[in-house]
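As structure tokens, the structure follows; a few thoughts come after it.
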Amino acid sequence: MQQARSFILLALLPLLALALYWEGQSYDPGLIDFKLSSRPALLKSFPPEAGDLKQLPGPRWFKKDNLWEYVNGHADYFIGQGFELLTVVEYAPEPGSAWVVAEVYRFDQALAAFGVLMDEKGETARAIDLGKMAFMGQGELSFIQGPFYAKLVALDKRGQLKKLAQAISENLPQAPGTQDLFQGLPKLGKTLSEGFAAEAYRGMGFANQALTRRLEIEGRELEFFLLPKGGQKALAGFQQYLEDAQMKAEKVGSRYKVLDPFEGEWWFWLNQEQALGCFGCLEKDLP
Amino acid sequence: MKRREFIKTSALSGVGLAALGGMPDSALGADRIVKYNKLGNTGLEISDISFGAGKLPASSLVLRAAAAGINYFDTAPDYGRSEDHIGGAMARLNRAEIILASKYCDGRSYPNHLPVGTKKQKFIEAVDTSLQRCKTDYLDLVFVHAMGELSENFEEEKQRLFAEEMLSATESLKKAGKIKHLAVSSHGPDNMEALLLEAVNSGYYDVIMPAFNFMKFPKVPDLLKAAKKKGVGVVAMKTLAGAKALELDQGAQDFAHAAFKWVLKHQEVAGLVVTMKTVGNLYHYIKASGQSFTQADQRQLDRYASRWGSQYCRTGCNDCGPACAQGVQIAKSLRHLMYFQDYGEEKKAIQGYAEISPNGAACQSCENPSCEAACPHGLPVKTMMNQAHQDLSLA
């Protein structure tokens, strides 16, 4: 019996050699598969179907080491923002060409996902009610939820994005830390817009990752900004900024009032680890 | 970045004040632009240190720059909200004292250069939109942007340089008073000097903007002489030879001044544009205005070159090519390495490298790297080719 088994194994050797030869001949370095060896749990957030759309086989996922394969020329940007994982799933009513491509990016923090959303949304995109914040443009929908940034693109005009995005949003983990990103910013009068500056808000080298809220109060427009962390470092940067710009600040209580010939009067202060400021504020507007 | 790592600013100092309506002296920094130069035959005089408005964060930075004497502002439709911020500052600027340059581009994110085949009306609409955003009724210069970026094929890009619809639109815009001069810019990566020379010799262009610094582009001085002869103005860009300056252990601040002064010592160069994203950038950069290039500056640049020079294959050189017995396309291979490392075009670089034959694969076992003796810049060509092959072939 053992002899027969040995014979079969020996007989298989040429076949094994042929298979190895064929694999070697068809080797294409461009086809090296960097993908994760196991399916990321994040794939569970993509529904099997939504409305008329059904999930197509062959989901893809990418990490920092191969993100450039999918986001050509833009990978460094995402990685610089704290990218961790991208999952890509395609949808269509029936097997064949995709009608919709759904991408979900996981970042190291919610603020990073928010920053990417603000950078990536089209100029003409309109805000819609989905996830933590969402925008819809021509054939494109993007939203954030916790540290996740999702982008859905309709390759076919018939592809319905909102229903699918809603389903993905419902399935995404409700990660801890999904607090209101803007909660540290005062909410007075009427909010005109909320924004994000990845670096050098208003040309201030120390004001990176700044959250902003533009308000209208008593017929005046003003804008608060918030630097979520590194307050003491921001204060040192603020003082260097004043020196560079040859400007002075007056200390009013725990706050600084800046007399700026180009921006008008503005304020800067610390609140524990956060740094805040306001352009256009009167003292009575400050929290 | 390696793939594996990937994996892992006299006499004219009043000009600035005049450019800014009603700004108090106390607003000014300690340093100002002190030198302005004639821009070819345009009749314009631009500040030697001028304002690159890519990534412009606020209108106030434009006002600060104008108050410091900068009078030339270089923007584009595809520089994000740059034109909007310039428009935000416009009401407080004396338009006649400002030289405003924008580009024939469409859309808000870079790159959106209008390609060959674009209709005349589209060029006109692009300028009209720029004027609306900038809140002004004319541009001093409009650029055909980034020549050599859309195609590595010289003839294809040359078509963009002399596209009839673009030239016709330019003529109409000039007649309407919406633009004053036509200009062209290029930072390569392909055929920069040759394409700009075509522009200079054509008579259609009043200004060129080449990438020019002490590290790369050895053929630019010849281009500058040709431009001077034809009365074509020159504004330089990419003068800092890459962001690696930030990684210098010492004297990083002086480095920017030395690099600027090196460019400006070329009399054909009227001025340079450098991206100013912060108030700190602005007040630091303008300190170089009107300053002479010194021995100390040369030492600073030498330090930089000795640290980084061995990594730069000069665009358009190719002196090593004929020296290779195996006919390896060295310059082309290293250009694709540049796409990968400096332009963030990883996939394009890998695909393009795969089409080069013979490529760096032939260098792996080479025992007579005659290319290194042929390189006028002393680059370790074999090592660089091995690196290119490692990064670009995924081998």
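The values are calculated or read from the model by the stated rules, or taken from the named source; none is laboratory data. What you see is a predicted model, and the numbers here were worked out from it, not measured in a lab. Using ideal geometry, Cβ is built from the backbone for each residue, glycine included, and neighbour counts are taken over all protein chains shown. We work out accessible area using only protein heavy atoms, side chains counted, and drop any ligands, DNA or RNA first. Shrake-Rupley method; radii C 1.70, N 1.55, O 1.52, S 1.80 Å.
Points to keep in mind about this one:
- Model label zone, residue A:191; criterion: amide N under 19 Å from point 7 Å along Cα-to-beta-carbon; scope segment A:90-117: A:110-117
- Rounded accessible area per residue of the protein assembly as shown, 1.4 Å, Å²: 46
- Sparse-neighbour loop sites [trypsin sites (Lys or Arg not before Pro); segment A:213-245; at most 15 other C-beta within 10 Å; DSSP]: A:229
- Other-chain or far-sequence residues with amide H under 5 Å of residue B:147's (modelled H): B:185, B:186, B:187
- For segment A:121-175, the list of GluC sites (Glu not before Pro) that fall in a loop by DSSP and count at most 12 other C-beta atoms within 10 angstrom reads A:123.
- Global geometry of the protein assembly as shown, whether rounded, prolate or oblate, following the gyration tensor of its Cα atoms and the 1.5 cut on a/c: oblate
- When a 1.4 Å probe is rolled over the protein heavy atoms, the share of accessible surface on the protein assembly as shown that falls to carbon and sulfur comes to 49 percent.
- The relative contact order of chain A, computed from alpha carbon pairs under 8 Å that lie at least 6 residues apart in sequence, is 11 percent.
- Residue A:65 paired with residue A:158, simple spin-label distance in nm, labels 7 Å along Cα-to-beta-carbon: 4.1
- Applying a DSSP loop filter and a limit of 16 other Cβ atoms within 10 Å to the trypsin sites (Lys or Arg not before Pro) in segment B:132-174 leaves B:135.
- Positions from segment A:233-268 whose accessible area shrinks by 20 Å² or more when the full protein complex is built, not the chain alone, probe 1.4 Å: A:241, A:244, A:245, A:246, A:261, A:262, A:263
- Per-residue packing, averaged as other Cβ atoms within 10 Å, sorts the ranges B:383-393, A:50-60, B:60-70 into the order B:60-70, B:383-393, A:50-60, beginning with the highest.
- Using the Cβ-Cβ distance between residue B:357 and residue B:116 with R0 set to 30 Å, the FRET efficiency from 1/(1 + (r/R0)^6) comes to roughly 0.55.
- CD proxy at 222 nm, helix term only [per DSSP H run n ≥ 4: -39500 (n - 2.57); per residue of chain A; nearest 500]: -7500 deg cm²/dmol
- Extension gain for residue B:302 to residue B:156 (0.36 nm times residue separation, less C-alpha to C-alpha distance): 48.8 nm.
- For the peptide A:62-70, the mean number of other protein chain Cβ atoms found within 10 angstrom of a residue's Cβ is 3.
- Prolate/oblate/rounded label for segment A:121-167 (Cα gyration tensor, a/c 1.5): oblate
- Percent antiparallel among DSSP beta bridges (both partners in the protein assembly as shown, rounded to 5): 75
- The A and B chains share an interface that buries close to 2500 Å² of accessible area, total over both sides, probe 1.4 Å.
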